[in-house]
Amino acid sequence: MLHFCHPIVAGKPVHEKSIMKDKASLAQHQLLGLYDSPFVRRVAVTLTHYGIPFEHLSLSVFRHMDAMQPLNPLFKVPMLTLPDGEKLYESAYLLDYLDELAAARGITPLTPRTGRERRRIQQLMALAMIATEKAVAIAYEARRPPELAWPEWAERVRGQMRAAWGLLEAELAGDYLVGNRLTQADISAVAGIGFIRFTLPDEWPAGLWPRLEGLAARLEASPAFMAVPIDE
């Protein structure tokens, strides 16, 4: 699937003069992975937010191994192929590249390139990714055969996940996690929350983290998230 989009800030398109130019070359970006991966989805939402057209290769590392292998022998997603053929792995590095691309074109990056605010956003992103990675571990643990289940380990991981969400909940004092604008901390947190609600609904008790629930509701209704449905 090929996505063509305009940059979006706080749910609204950026002024036309800020739209990234040369769509023909930018359309050659190619994102590999399913949107039910929170790591793939946060990259796709960021691409959409910045108005970077991209081709989405919706392949599963489990169900489409034959098709995945020649493209990505590591079976590691997300993978972003750049217009010149360079391949990038690990969502954090992909996001850094996209921030660099946005800044070069006059668009405010979701994570500042330097300074105190950059460190704060990155630390909150780290909390969101800790919570998300623990949720992924719980999902994998649930796939074990009953005779190989390790309840004590699952409970430990669950405690770590809930601690991370609790810390993020405490940091959310307004509409966004940092200041009065959307940052990558918000996108990463909501991508993780969406994964849990979609894959492990029992692990997100209603009302336990009401501020994060409000953030998720607002962002999931935004154009950038709606363009990247988790079940696609």
Quick check: Cα centre of segment 109-139 to Cα centre of segment 164-185, how many Å?
11 Å
Under the Kirkwood approximation for Rh and a Cα-based Rg, what ratio Rg/Rh is obtained for segment 142-232?
1.03
In the chain, whole DSSP H helices that both stretch 27 Å or further along their axis by alpha carbon positions and average at least 1.0 on the Kyte-Doolittle scale are none
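Of all DSSP beta bridges in the chain, what percent run antiparallel (nearest 5)? It would help to have the intermediate numbers written out before the result.
Numbers: 10 of 14 bridges.
Bridges in the chain that DSSP calls antiparallel: roughly 70 percent.
Short version: what are the Cα gyration tensor semi-axes of the chain, square root of 5 times each eigenvalue, largest first, in whole Å?
Numbers: eigenvalues 161, 109, 41 Å².
Equivalent ellipsoid of the chain: 28, 23, 14 Å, largest first.
If packing is taken as the mean number of other Cβ atoms within 10 Å per residue, what is the order of 216-228, 142-154, 104-116, highest first?
On the way: 216-228: 18.0, 142-154: 9.5, 104-116: 15.0.
Result, highest mean Cβ count within 10 Å first: 216-228, 104-116, 142-154.
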Residue of MET129, MET79, MET68 that the Gaussian network model of the chain assigns the largest fluctuation, springs spanning Cα pairs under 10 Å:
MET68
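With a cut-off of at most 16 other beta carbons within 10 Å, and DSSP calling the residue loop, which chymotrypsin sites (Phe, Trp or Tyr not before Pro) in segment 58-133 qualify? Please list them.
PHE62, PHE75
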7 Å from Cα along Cα→Cβ at both GLN123 and LYS76: what's the point-to-point distance in nm?
2.8 nm
Between ARG113 and GLU155, what is the label-to-label distance in nm when each label sits 7 Å out along the Cα-to-Cβ direction?
5.0 nm
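Just subtract the alpha-carbon distance of GLN28 and ARG197 from 0.36 nm times their residue separation and send over the number in nm, one decimal.
Values: separation 169, 0.36 × 169 = 60.84 nm, distance 3.21 nm.
Extra length from GLN28 to ARG197 when fully extended: 57.6 nm.
Every number in this text was worked out from the coordinates using simple rules, so none of it is lab data. Model, not experiment: these values are computed from the prediction. Cβ coordinates were reconstructed from backbone atoms using ideal geometry, including for glycine residues, and neighbour counts include every protein chain displayed.
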